[in-house]
Amino acid sequence: MSNDILLKVENATIQFGGVVAVDNLSLEVPKGKIVALIGPNGAGKTTAFNLITGVYAPTNGVVYFKDKKIIQNHPQGKMKKLYQGENGEKYVGKKVLAPTPDKITRLGIARTFQNIRLFKTQTVFENVLIAKHMLRTSNVFTATFRLNSKEEAQMRADTDELLRIMELQDVRDELATSLPYGKQRRLEIARAMATKPELLLLDEPAAGMNPQETMELTEFIGRLRDEFGMTIFMIEHHMDLVMEISDHIYVLDFGKQIAEGAPEEVRNNPRVIEAYLGGAQDE
C-alpha cells in the first residue's frame, strides 16, 4: 500500500440477511485529496461510511488506514450459507477486527452525518469543546482537584481558534439549533475537526442548503483541502459541488461500484448516466 494512500477499502461487503447493501467495494483515498462517493438514493453510500467508521462491521472485507489494517471480517455463522457477495473465502482464518466508532475517531477519522446531529441544548462553543474532550489526558482525580486546568484552558483556546477558522466566532454563544441551516452544517464540520482528524468524512454536507449556501460550502470544503491540507471523503448529491472540487469520484449503484475516475470521466460515463436516470424514474 502506497504511503500516499490514507484510506483503502478492499473487497468490502455488508449483507443484512438476504440483502446485500454494499457489494465488494474497493476504493482508495489519497492524502490531501477530495474523493467523492456518489450514486442514486439507496445505492449504499452511507452504509459504506458506516462500515469505515465502525458503525457496522463488514460481512466481508478489509479497511486500511495509514498503511495499518483497522477493520477485517469474513462471513461467519449463518452468513456462511446466506452470503451472496464476492470473495467469501478470501479472509477466512484471518483475525476479525471490529473497532467501535470512538476507537475509529481516535485513530484520526472523523465524520458528519446526513441528518445533522448537534447537541441541541448546547451552545456553538460547547458543541465543539465537547468534541475536544476526546483528546484530553486528564482523569477523574485530576479533574476533581483541578489539576487539569492548563489542559482545559488550552482546549478552550483551541476551540475559539477553530470557531474563528470556521467563521463561526460571531455565533459562539448561541444555541446550536438557533443557527441558520448552513451554519449548523458548518458547526457539525467544526465539531468533527475538533478531534484533529487526518481524514474527514462528510455525508451529504450540502443536503437541504439553498444555492447560495451550497456555493459557500463548496468554497469552504476547497479551503479545507487547499489551506489546511485536509483529506476529505464525501457523499454528495449536488453534482455541481462534486464536479467542481472532487479530485476523484467513485460511483455506486445497488451497492456495487459501477464507475470511478476524474469528474469529467464520470460525468460522461454511460453507466453513470443510466444509473441516475433509472433512479429518477423509480422515485
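Structural remarks
- Test: residue in region 244-254 that is outside any strand (DSSP E or B), touching a Pro at 6+ places or on another chain (Cβ under 7 Å) and under 25 Å from ASN50 (Cβ atoms): yes
- Among the residues examined, LEU163 does not qualify as in contact with a helix residue (DSSP H, G or I) (Cβ under 7 Å, 6 or more places away or on another chain), open to solvent by less than 20 Å² (accessible area, probe 1.4 Å) and not in a helix (DSSP H, G or I).
- In region 63-74, the count of residues that are more than 22 Å from the chain's Cα centre (by Cα) and crowded, with 21+ Cβ neighbours inside 10 Å is one or more.
- Residue match in region 45-55 (condition: closer than 20 Å to GLU260 by Cβ, of a type in the set (Phe, Trp, Tyr) and part of a strand (DSSP E or B)): no
- Pairs with Cβ under 6 Å, 6+ apart, first in region 247-276 and among the acidic types (Asp, Glu), second open to solvent by less than 40 Å² (accessible area, probe 1.4 Å) and assigned to a loop (DSSP other than H, G, I, E, B): ASP253/GLY39; ASP253/ALA43
- Test: residue in region 260-272 that is out of contact with any Phe, Trp or Tyr (no Cβ under 9 Å at 6 or more places or on another chain), among the small types (Gly, Ala, Ser), modelled with pLDDT of 90 or more and buried (at least 19 other Cβ atoms within 10 Å of the Cβ): no
- The set of residues from region 213-233 being under 16 Å from ILE5 (Cα atoms) and either without any contact (Cβ under 8 Å) to a residue 24 or more places away in the chain or of a type in the set (A, V, I, L, M) (or both) comprises MET230, ILE232.
- Where a residue in region 18-37 is of a type in the set (D, E, K, R) and its partner, wherever it lies, is modelled with pLDDT of 95 or more and open to solvent by 30 Å² or more (accessible area, probe 1.4 Å), with Cβ under 7 Å and at least six apart: ASP23/LYS256; GLU28/LYS8; LYS33/ASP247; LYS33/HIS248
The values are calculated or read from the model by the stated rules, or taken from the named source; none is laboratory data. Computed from a predicted structure; not experimentally measured. Counting neighbours? That spans all protein chains shown, and the Cβs are built from the backbone with ideal geometry, glycine included. When the accessible area is computed, the model is the full protein with side chains, heavy atoms only, and any ligands, DNA or RNA have been set aside. Shrake-Rupley method; radii C 1.70, N 1.55, O 1.52, S 1.80 Å.
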